[in-house]
Structures are given as C-alpha cells and as structure tokens.
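To keep things clear, I will list the structure first and then write my remarks on it.
The values are calculated or read from the model by the stated rules, or taken from the named source; none is laboratory data. What you are looking at is a predicted structure, and each value in this text was computed from that prediction instead of being measured. Don't worry about glycine lacking a Cβ; one is built from the backbone with ideal geometry, like all the others, and counts go over all protein chains shown. Keep in mind that these areas ignore ligands, DNA and RNA; they rest on the heavy atoms of the full protein, side chains included. Shrake-Rupley method; radii C 1.70, N 1.55, O 1.52, S 1.80 Å.
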Amino acid sequence: MEAKIKALREQMEAALASVQSKEELANFWQSYLGKKGSIAGLMKGLGSVAKEDRPAMGKIINEFKQQADARYQEIRAKMDELELAARNKSEQVDITMPAVRRDAGALHPITIIRNEMVDVFSSMGFEIFEGPEIEDDDHNFTRLNVAKNHPARDMQDTFYVADDIVLRTHTSGAQIRRMDTGKMPIKMLSPGRVFRSDSDATHSPVFHQMEGLVVDRNITLCDLQGMLDEFVKRLFGGDVKTRLRPSYFPFTEPSVEVDVSCFECGGKGCGLCKGTGWIEVLGGGVVHQKVLENCGIDPKVYSGFAFGIGIERIAMLKYGINNISLLYENDLRFLKQFKD
Ligand code: PHE
C-alpha cells in the first residue's frame, strides 16, 4: 500500500505540473480528492490492511490527502492571481489619452436672437406673456379693430382652421389677452410662432414675432421711440439710430414703421440697406383707442404703445443670412456656424 501511495504521489505531481486551466484543475480535484477519487479509493482499501497497521496507514493517507489539498489550493491561488493580473491588464485605461470629443449641440440662430431680445426687454421691466398659436378671429382680428370685412385682413394671408379659428397671423392677439387680465400697468413681451400663407426668399409660412405692449398713464409715441432707441443700441451696437416713418396698422394710431441706421455701412449706403442707409426692423404705434375700449380700458385715463418685431428678419440682418429657408432646413453645415 505504501508503494501504491508513493506511486500515486508522483503521479499527482506530474498531473499538477501539466494543469493549464481552471477546468483541468477542477478535473484534478475530482480524480484525486473527489468522492470517487484515488484518495477516497485508498481509504476504502484500508479494509484489506492488517488491523494493527491500519492506524499508521490511515495517517499516511490523511497526510497525503492534506498534501494534495494544499497543492490544489496553492495552484488555484496562483491561477486566480494570474487571471486577475490578465484582467487588470486588459481593462487598463490610459487616463492621459485625449478623450474622444463629442459634438455638443448649439442654439438655433432664431433662439439666440430671441434670447438676446428677451434679455434686453426684460432688463427694461417687460414680462413674458404668451398667447395661443391657434387663435380665434376675435383676438387675432376683430378686437384689434380689424372687422370682418376690413380690407386690412388682406394684408395677412390667413390660414383658417375653421370659420372663426385661425393660425394666428401675428402675436398681436396676445395684447388683447393681456389687457383682458385687467392688471395695470402693462409691460408685456410676447414671443412666438405665427403663420401666413406666404413664401419666398424672405418670407416663410411659419415664422416668429416678438410683440411688445406697454399701457399706463401718459404713455406716448416718444416713449416708444426712446425705448426702441435703447433696444437697437443693445442689439446692433452703440451708434445705431432709429427713424420712424408713418405707416398703417388698424390697431395703432398713429402707426409707424421703424428703421435703424444701417449697422453695416453706418448709414452711407451699402448692399444690406440697398443704398438707403436705413433698414426697416419693426412695426408699431400708439394703441388705438378702440382697442383699449374693446378690452374695457378707459382711453381717457390710459394710453399705450405696441410693437411687433420679426425675429427671423433680425436674425437674417444680424448674421447676413440671405434666404429665410436656411433657418428651417436644419443643415448642420449652416447650424454649426452659430456655435460659440
Ligand atoms: N402685428 C403687426 C404685424 O404683424 C405688427 C405690429 C404689432 C404693429 C404691434 C403695430 C403694433 O405686422
């Protein structure tokens, strides 16, 4: 039996030396230390050993078993260590490598200009008040002093949703909604999308406007011009001036078209201002008495001014964009130019 153990021990060492993988190691464990393994076999064989030799033999087998187990543990630990080292190596990251850059988005030019305009007007105390894009005839036209058969309805090519419901043709309906709240005084800014059946290089069926309305005691056209002077200086730069030209809107009287001195040529005349030295930027005027009355505001006590600015127009002027459709095509080559 001793000879058998000796042979087995040598065999075991040889088997261990050839173990390459965890799987092979597990097989080793099965064939030596498992329930049906060689060492268990030796134990069974004890029955045939002479009674007096059994304790000594048993001890030898036990020692062999412990030894086999120790060798097994040792190799397993070494394998674990190697495996961990290999994993650490394969998962290693070089933190000094430059990161892969992800393209960050940028604000759309219309959003940039709208934000700039909101900033300027907010600093003057204007508050945002938004109206609905789908508007009724009453707010979009009638109470703004544009009666059903008023020829001014032809000024704006309207999309009708139903008989009395339109896609708003301007943000002026928000004036009525704000005055209806009855809270005085009013200093309202109303940006939003508007819709007109019109399309060419400078007109789009969907575009954006920014409405302004101020109603208080003793508000005059001078207040409008003073405020707009400040506005265009902040938006276009220090030396830009404004000029008012008489115009017509049914909801303002008097009505004005507001020009700024050309910020490209300083007023000498260039391609941008078509040689005139002036660029038209918005429409406005003194709120018509009838409009105040339509909203239950006494025109003997209160007066106001209103204006409407086309946001696309300002963006096109400021950035030198020659076709409005560029603003809606979402061509990345165009949009990327507006990254900070
Ligand atoms: N709503 C007018 C337009 O769309 C602009 C405007 C607003 C004019 C307020 C006067 C006062 O053309």
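Here are a few things to note about the model shown:
- Around the amide H of L282, modelled in the peptide plane, lie the amide H atoms of V258, all under 5 Å away and 5 or more residues distant in sequence or on another chain.
- On Cα atoms only, tilt of 109-123 relative to the major axis of the chain in degrees: 70
- Packing-based ranking, highest mean first, of 200-209, 42-51 given that Cβ atoms within 10 Å are counted: 200-209, 42-51
- When only Cα pairs below 8 angstrom with a gap of at least 6 residues are kept, segment 183-340 shows a relative contact order of 24 percent.
- FRET efficiency for D157 and L326, using Cβ-Cβ distance with R0 set to 22 Å, rounded to 0.05: 0.50
- Panel note: the C-alpha atoms of segment 195-301, placed on their principal axes, show extents of 46, 35, 22 Å (largest first).
- Computed over the chain, the ratio Rg/Rh where both radii use C-alpha atoms and Rh is Kirkwood: 1.61
- 3J(HN,Hα) along segment 187-192, derived from phi through the Karplus expression 6.51 cos²θ - 1.76 cosθ + 1.60 where θ = phi - 60°, amounts to 9, 10, 10, 10, x, x Hz, with x in place of Gly and Pro.
- Cα centroid separation, segment 25-79 to segment 112-175: 94 Å.
- Relative contact order (%) - criterion: Cα under 8 Å, at least six apart; region: the chain: 14
- Converting phi to 3J(HN,Hα) with the Karplus coefficients 6.51, -1.76 and 1.60 and the offset θ = phi - 60°, segment 304-320 yields x, 10, 9, 8, x, 10, x, 5, 4, 4, 5, 4, 5, 5, 5, 9, x Hz in sequence order, with x at every glycine or proline.
- Whole-number D in µm²/s for segment 105-184 (Stokes-Einstein; Kirkwood sum over Cα pairs; 37 °C, 0.692 mPa s): 226
- For T276, distant residues with modelled amide H under 5 Å away: C270
- Relative pair counts by distance (%), Cα atoms of segment 122-269, 5 Å bins: 2, 8, 15, 19, 20, 17, 11, 5, 2, 0
- Solvent-accessible surface of the chain, taken per residue with a 1.4 Å probe and all protein chains present: 58 Å².
- Net length available on complete extension from E13 to V206 is 60.9 nm, with 0.36 nm assigned per residue and the Cα-Cα distance removed.
- Anchor K35: aspartates and glutamates whose Cα lies under 16 Å away (excluding residues fewer than 8 positions away in-chain): D69
- Separation in nanometres of the label points that stand 7 Å from Cα toward Cβ, at T220 and E133: 4.1
- Of all accessible heavy-atom area on segment 142-201, the percent that carbon and sulfur account for (1.4 Å): 49
- With 20 Å as the limit, the listed pairs K241/K274; K268/K339; K44/K65; K187/K241; K274/K339 have K268/K339; K187/K241; K274/K339 beyond it between alpha carbons.
- Calculated SAXS-style log₁₀ I(q)/I(0) at q = 0.12, 0.13, 0.16, 0.19 Å⁻¹ - segment 1-150, Debye, Cα scatterers: -0.78, -0.83, -0.99, -1.16
- Straight Cα distances below 14 angstrom link K183 to the aspartates and glutamates E127, D216, D298, with same-chain residues fewer than 8 positions distant left out.
- Annotation: amide H of T158 within the under-5 Å range of S197, sequence separation 5 or more or interchain, hydrogens built in the peptide plane.
- Inverse of mean 1/r across different Cα pairs in segment 107-151, Kirkwood, Å: 13.2
- Unpartnered cysteines - no second Cys beta carbon under 4.7 Å - across the chain: C222, C295
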